[in-house]
Amino acid sequence: MSAQELATTAAAMVATGKGVLAIDESMGTIQKRFDTIGLENTEPNRRAYRDLLIANNGDQQYISGMILFDETIRQSSLAGVPFAQLLTAKGIMPGIKVDGGAKDLAGRPGEQVTEGLDGLRERLAGYKALGAKFAKWRAVITIGHGIPTSGCVDANAHALARYAALCQAAGIVPMVEPEVLMDADNTIDRCGEVTAHTLRTLFQALVAQNVVLEHTILKINMVVSGKLCPVQAGMAEIAEKTVSCLKRTVPAAIPGIVFLSGGQSGLDATRNLNAMNVGTVLPWPLSFSYGRALQADALAAWGGKPAQVARGQQVLLHRERCNSLAARGHYSAAVENELPA
Ligand code: 5MM
């Protein structure tokens, strides 16, 4: 892929009113999701669920790309069409999770580093042949007593930069995702400090590895209160502190920023995204790349029952539409209520 094609792909990922659906749950994570509906984690059940998510008519109005898991990019839909081919035919770009997961960081108790660089050049070539246009690598930064350390943030930024450089060399747009977890009892301001430090370190590392910022998409957490913090910031504060943090740390050369939901409800993730996009002029589009916030209601509506597939797809399409509107600052409670009972 030429530099122009990488630029075109990156721009298309964050085209006006479009975002990315993350459906790249690894085996352990999809197990947790299926546990919520009492469904066995088997290959046919994973395929049926991914079919519900991917073969949903009309979603191309709201969704620019989907991040797939290794198993999914090799599977076919229930109608027998390879998932990557089905997405491409609909005008949705197939993406692929290429990290090997977050592992305990030696010498740094309570912290993790994402592994998976060994053999990545060859794996990227394979995924490109399967139709992948972009990739994703997620690093996990934990807030706690005395953490994160610079050792952890540096190690993850270095791995993200090495990954991003390999992606661009392979003609694949890298989505770089450092996720500051929202599970602890920290304040929103502590989340803001850690997110800013993580982003500054990440962009230094990307530049050091000659990563072309114009061909890179940032996926990041919103600046929020930790779930266990007794004082929970509201939507206006989240929007203001997230946008301020990004303005201070993310170069204008980045084509777009998408958010992960990180454990926020579907409704909160939509409202917070909308609040950031109302009346703001920013150097980059702010959109979504949610996993749980897009999928949770659809998964519950489906419940693993073939008779409920259409309802699950209707619920998913509704959340996708709401977030598409939020990415333009056009979401409202009236739109939220348009989902038929
Ligand atoms: C869909 O979940 C992704 C895969 O997670 P694991 O590798 O842990 O199985 C995950 O990376 C996801 O893309 C991001 O965390 C965003 O998802 P949420 O649910 O936070 O919006």
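Quick note: the coordinates plus some simple rules give every number you see, no bench work behind them. Because the structure is a prediction, the values reported are computed rather than measured. Cβ coordinates were reconstructed from backbone atoms using ideal geometry, including for glycine residues, and neighbour counts include every protein chain displayed.
Cross-link candidates for Lys128: which aspartates and glutamates have Cα within less than 16 Å, leaving aside residues fewer than 8 places away along the same chain?
Candidates past the 8-residue exclusion: Glu5, Asp70, Glu71, Asp99.
With a cap of 13 neighbouring Cβ atoms within 10 Å, and only residues DSSP puts in a loop, list the GluC sites (Glu not before Pro) found in the range 256-341.
Glu338
Across every pair of different alpha-carbon atoms, what Kirkwood hydrodynamic radius in Å does the range 1-81 reach?
14.3
At a Cα cut-off below 17 Å, give the aspartates and glutamates reachable from Lys227, other chains included and same-chain residues fewer than 8 away excluded.
Glu179, Asp183, Asp185, Asp189, Glu193, Glu237, Asp268
In whole percent, what relative contact order does the chain give with Cα contacts below 8 Å and a gap of six or more residues? Walk me through the intermediate numbers first.
Numbers: 678 pairs, mean separation 62.3, N = 341.
Relative contact order comes out at 18 percent.
Starting from the range 67-138, pick out the GluC sites (Glu not before Pro) whose DSSP state is loop and whose Cβ has at most 16 other Cβ atoms within 10 Å.
Taking the range 67-138 and a limit of 16 other Cβ atoms within 10 Å, the loop GluC sites (Glu not before Pro) found are Glu115.
Based on the Kirkwood radius over alpha-carbon pairs, what is the Stokes-Einstein translational diffusion coefficient of the range 44-90 at 37 °C with 0.692 mPa s viscosity, in µm²/s?
Details: Rh = 10.7 Å.
For the chosen part, D equals 306 µm²/s.
Based on the Cα gyration tensor of the range 1-140, what are the three equivalent ellipsoid semi-axes, each the root of five times an eigenvalue, rounded to whole Å and given largest first?
The answer is 25, 22, 14 Å, longest axis first.
Beyond 35 Å, what share of the Cα-Cα pairs of the range 3-327 is found? Please give it as a whole percent.
Here the tail beyond 35 Å accounts for 14 percent of pairs.
Calculate how large, on average over all directions, the projected area of the Cα convex hull of the range 144-192 is; give the answer in nm² to one decimal.
4.0
Of the cross-linked pairs Lys219/Lys241; Lys97/Lys241; Lys18/Lys136; Lys18/Lys90, which ones have a Cα-Cα span greater than 20 Å in the structure shown?
Long pairs (Cα-Cα over 20 Å): Lys97/Lys241.
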